[in-house]
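Input: a single structure, listed below in structure tokens.
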Ligand SMILES: [Zn+2]
């Protein structure tokens, strides 16, 4: 039950039984509600009690378990799931497979780990074969978003954060996955990007090509002054956003107002920023920095001080430097013609900042943010991003942590996602080779389990 919406009708009888239990409990007798279950998203809306006791039980047996908590892998492990939750995980000797198990998956020779997390995607971004034709149609954006969702889940990416969408496309994909209408990862979304007039996301010319952008493409909420930035935040929260995404340039007052408003409503904030704007946002308490470019020498120390998370999306910029995006007409070398990116793109500097941040103990998340050619660049972009983190000095275990547990914590979902432990949501990747030995082994997908359901199943090669 991802968000307390689907399968609702099936629980009525059991819900009554559970209600009787709640009523009989001392807390209920004193008028105190028992601890609520909540939706499985960042908003944590209370939902009625959920009874999973009659949901099917699925067990993975005899595999090597990398539970994501940082300990040594457990060989001959068992993972037991019921409904959308993990019931038990550990060595076979101490983790029995319940007799009522509906399905046992023999994972002999396989590796069981938490599903991967991508903290920076845009479902509505372009493919190579739709430039110009579909650019400004929300319906077309939803079509390509649906295709991207399938690419991601097939690669074992079981949760993503969409940080800027057209209209309500990301929300509808989230709902479609949630209700099992479409095949895709668990979605968290940030509503529309909040920008100042002409700021990043509201440029008159398209970033990097200099071509004129179509007006009113529905991808941003332009705001002026602190009160309007607060209002823009409230609109996104009203529209069911899990996160808020803002962009530079903006004034210190606007950035601080947006962050304060979001935090007062219990919603975290991501910023796409550069230069001194990054420092302003960190000081104002922003939760994640999305590929902060042209970082100051103070930024990493500030991130450490304010416990800010860092999502560098190195690959998106490396693509600009090395290949451009030919179908989109974006040349090799960097950003051109744009007022909000007036500095060179510097791969060595990006890697150096990630290395510094990692050494300083800053949480580093995996995000891809590929803007074009999604049909051929995903899911490779995700695995390339992992390689860049390795280049920046993270060990394989640290990279895997960034892709799972740390990513979940950054997402504000650390209590429900990111590790394989009893009580957590069953989002699991099973591979044919050891990802700790070689990150490229993540690509040898055998099973993907999302929300307790086996959604990808591949034969041994
Ligand atoms: Zn982005």
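None of the figures in this text is laboratory data; all of them are computed from the coordinates on show. None of the values given here were measured: they were computed from a predicted structure. Cβ: placed from backbone, ideal geometry, glycine included. Neighbour counts: every protein chain shown.
Computed quantities for the displayed model
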{"read-out": "Rounded tilt (10° steps) of 138-154 against the dominant C-alpha axis of the chain", "value": "50 degrees"}
{"read-out": "Packing-based order for 241-247, 78-84, using average beta carbon neighbours within 10 Å, highest first", "value": "241-247, 78-84"}
{"read-out": "Point-to-point label distance, residue 390-residue 235, nm (Cα→Cβ direction, 7 Å offset)", "value": "4.4 nm"}
{"read-out": "Mean Cβ neighbour count within 10 Å, used as a protection proxy, ranking 48-55, 142-149, 198-205 highest first", "value": "142-149, 198-205, 48-55"}
{"read-out": "Protection proxy ranking, peptides 161-171, 389-399, average beta carbon neighbours within 10 Å, highest first", "value": "161-171, 389-399"}
{"read-out": "Segment residue 139-residue 76, length gained on full extension (0.36 nm per residue, minus Cα span)", "value": "17.9 nm"}
{"read-out": "Beta bridge orientation in the chain: antiparallel %, DSSP, nearest 5", "value": "50 percent"}
{"read-out": "Centre separation in Å (Cα based) which lies between the stretch 396-461 and the stretch 86-110", "value": "17 Å"}
{"read-out": "Mean shadow area of the chain over all directions, Cα convex hull, nm²", "value": "22.3 nm²"}
{"read-out": "Cβ-derived FRET efficiency at R0 56 Å, residue 437 paired with residue 224, nearest 0.05", "value": "0.60"}
{"read-out": "Estimated inter-spin distance, residue 380 and residue 212, nm [label 7 Å along Cα→Cβ]", "value": "3.6 nm"}
{"read-out": "Residue 343-residue 102 FRET efficiency (beta carbon distance; Förster radius 60 Å; 0.05 resolution)", "value": "0.60"}
{"read-out": "On Cα atoms only, tilt of 12-24 relative to the major axis of the chain in degrees", "value": "80 degrees"}
{"read-out": "Computed label-point distance, nm, for sites residue 297 and residue 323 using a 7 Å Cα→Cβ extension", "value": "3.7 nm"}
{"read-out": "Degrees, to the nearest 10: 347-359 long Cα axis against longest axis of the chain", "value": "50 degrees"}
{"read-out": "For the stretch 49-199, diffusion coefficient by Stokes-Einstein and Kirkwood Rh (Cα), 4 °C, 1.567 mPa s, µm²/s", "value": "73 µm²/s"}
{"read-out": "Residue 355-residue 36 FRET efficiency (beta carbon distance; Förster radius 30 Å; 0.05 resolution)", "value": "0.10"}
